[in-house]
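Worksheet: one structure, shown below.
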Amino acid sequence: MRWSYILPRFIFLALVWAFFFFAFDPVLKWSLKKGMEKAAGARVEIASVKTSFLHPSFYMGGVTVGSASEEYSNLVEFSEIKFGIEGAPLLEKKFIINEAFLSGLKFGTPRKTSARLPLAKKEETPQFVKDLKEESKELAADRLGDLKAGASTDLQVSADSLSSVRVYGELQKKYEEQYAALSEKADLKPYQARLDGIKARYEAARAEKNPVKQAKDYAGLQKDIKKLNDDFQNDRKLIEETAAGLKEGLKTAEEARKKDIEAVMGKMKMPALDTKSLAGMLAGPAVADKTRTAFKWLAMARKYMPDNSQKRILKTDARRGRLVHFPKLNAYPSFLIKRMAVSGELGLDAPLDYSGSIEGITTQPQIYGKPLTAAIKGAKGGRALDFKALLDNTGTFMKGNLALKYSGMAVDSLVMGSPGSLGASVTGGTGSFNGKLALMGEDLDGDAVFRIEGAKVTPAAENVKFAPLKAAVVNSMSGLSSVGIGVKIAGTLKTPALSLSTDLADKLSGAFRNAFGAELEKARADARAKVDAALKPYKDKLDGLASSKQQELKGKLDAGQKSLSGAGDDLLKGLKEQAVPGKLKLPKFKL
């Protein structure tokens with residue numbers, strides 16, 4: 001027996017075994033902790049991590065993830081997560097989990113120690129949250145009693161002071177970049193190259209002596225010409241639809257224009273009258289922080305969602321190649337949790353127990369071929385929770401639907417408005433929430449309604465010095481016992497756009513009109529005229545750019561269509577003349 005050969009190998013295997021037995025779990029625990037801290041931007045605690053290799057399994061318990069925006073609060077915590085891993089797919093470096101269990105899941109729980117990381121960057125406030133909070137300041141009480149006659153005629157409005165000018169500048173740059181990409185896509189060269197290839201094959205087929213092979217070649221040419229026609233028409237349609245869709249950006253400019261008008265009204269010492277502005281003032285602060293947390297979760301989820309293999313028309317890369325997967329029969333994704341059972345508590349004072357499942361969690365949804373679905377429910381003491389989600393990333397673009405209903409929640413207090421302005425305090429009552437959100441690619445479309453019934457509404461108008469307005473505000477809200485807040489959601493995951501409404505805004509708008517009469521409407525018309533006059537050169541420039549670029553695109557597409565149509569008709573005519581009667585049917589070539 002050669003001990004010099006056996007002993008070193010035995011020692012090596014013993015060291016490998018010792019590492020996995022004694023050190024692997026601590027190293028994995030440290031790696032998971034650091035990775036989760038990087039994702040959350042806050043401290044993470046993990047009580048224990050256990051793995052098994054004989055029967056592949058994983059366990060992690062006592063996990064708390066701190067909040068980057070609230071130092072002594074947890075973003076999420078859970079008691080444990082555990083699952084077994086299929087052995088055979090591991091040989092292909094595939095992690096396939098049939099059943100996972102996540103229990104004790106809670107949100108927004110308090111913590112005793114700070115969640116801040118020493119070197120972590122301060123979490124930046126999203127722009128839509130800033131906008132919501134700014135809207136709440138547009139109706140400062142100190143200007144409500146300072147209506148100044150003639151203020152609208154004295155005020156000068158410069159283009160530099162308008163946010164809509166900045167929006168028009170950004171849209172101009174965006175239009176130029178996107179039209180350049182569309183113009184490149186509309187280039188005839190790739191189609192001309194294909195057409196030249198068809199012509200060369202046509203000449204070769206004409207010279208073919210074997211009539212059977214010649215007829216076969218003619219039939220193939222016919223199919224290729226039709227394919228060329230279809231490809232061009234599909235590209236043209238997509239280009240024209242994308243170009244038309246660029247006009248949607250003008251909605252953003254129009255919203256900025258309306259805010260500029262309200263800002264000019266503020267400089268005139270005139271408060272806003274429209275219910276949209278009043279709703280932003282009343283509901284903005286209450287909605288801002290709640291939606292910030294919700295969209296943070298959505299953005300985090302989107303960050304780790306796999307991309308589609310197919311790209312959009314405007315996605316341009318330096319490389320022209322494409323990575324194509326050819327999965328074998330019964331192929332596995334790289335990572336898949338077929339089903340995860342979830343249970344936990346919602347709320348802190350009187351927590352509501354809930355349970356449900358999430359199915360189809362995978363890094364390669366197009367290989368797995370099934371959408372991710374979630375269904376979670378809970379009921380207790382008159383309260384009910386129902387959450388459903390579907391995320392389909394198996395096609396050409398991602399589609400998703402979320403729906404959340406939560407009824408019977410107790411509402412201690414809700415403060416609407418902000419200090420130094422008008423507002424209301426809502427105490428007691430029972431609240432209900434009903435919201436839905438649709439995702440198409442990166443685009444959002446949804447709405448939500450939060451309603452409180454059986455409450456006491458107390459107007460907060462002590463800062464208003466203008467006696468007629470103060471009396472009108474108090475009278476408009478006195479006796480109310482219910483409050484509703486609505487949110488319309490649009491935009492994208494990166495830049496969501498929220499529009500607020502509340503029935504209190506209707507009451508407040510009526511109070512304003514009773515107090516000020518027609519003076520405000522006259523000031524608004526003057527403010528609108530001043531803003532439009534300052535904005536006109538920038539608006540005309542953008543309109544001219546969009547019009548000229550669309551004409552340029554149309555000219556390129558029409559020229560390409562004419563060129564391909566003429567050449568295609570000539571080829572089909574030649575094929576028809578050369579074809580054996582009754583053996584080959586050739587359609588008219590249309591572009």
Exactly one of (1) of a type in the set (A, V, I, L, M); (2) assigned to a strand (DSSP E or B); (3) under 15 Å from LEU336 (Cβ atoms) is unmet by ILE367. Its number?
(2)
Hey, among ASP532, ASP443, which residue is acidic (Asp, Glu), surrounded by 13 or more Cβ atoms within 10 Å (Cβ to Cβ) and within 28 Å of the chain's Cα centre (by Cα)?
ASP443
From the list GLY479, GLY435, GLY428, which residue is closer than 19 Å to SER407 by Cα and either modelled with pLDDT under 90 or in contact with a helix residue (DSSP H, G or I) (Cβ under 6 Å, 6 or more places away or on another chain) (or both)?
GLY428
Residue ID - surrounded by the most Cβ atoms within 10 Å (Cβ to Cβ), chosen from residues in the stretch 328-363 that are among the polar types (S, T, N, Q) and over 20 Å from SER79 (Cα atoms)
THR362
Quick check on the stretch 450-502: of everything there that is part of a loop (DSSP other than H, G, I, E, B) and aliphatic (A, V, I, L, M), which residue is surrounded by the most Cβ atoms within 10 Å (Cβ to Cβ)?
ALA461
Need the failing condition index for ALA23 against (1) assigned to a helix (DSSP H, G or I); (2) at pLDDT 85 or above, just the number.
(2)
Can you tell me which condition LEU508 does not meet? The list is (1) farther than 15 Å from VAL287 by Cα; (2) buried (at least 21 other Cβ atoms within 10 Å of the Cβ); (3) touching a Pro at 6+ places or on another chain (Cβ under 7 Å), and all the others hold.
(3)
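Looking for whichever is within 20 Å of VAL415 (Cα to Cα) and at pLDDT 85 or above here; the options are ALA490, ALA461, ALA448. Which one fits?
ALA448
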Taking the condition of being of a type outside the set (A, V, I, L, M) and either touching a Lys or Arg at 6+ places or on another chain (Cβ under 6 Å) or loosely packed, with under 12 Cβ neighbours inside 10 Å (or both), how many residues in the stretch 544-559 meet it?
6
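The values are calculated or read from the model by the stated rules, or taken from the named source; none is laboratory data. All values derive from a computational prediction rather than experimental measurement. Every residue, glycine among them, receives a Cβ derived from its backbone with ideal geometry; neighbour counts consider all protein chains shown.
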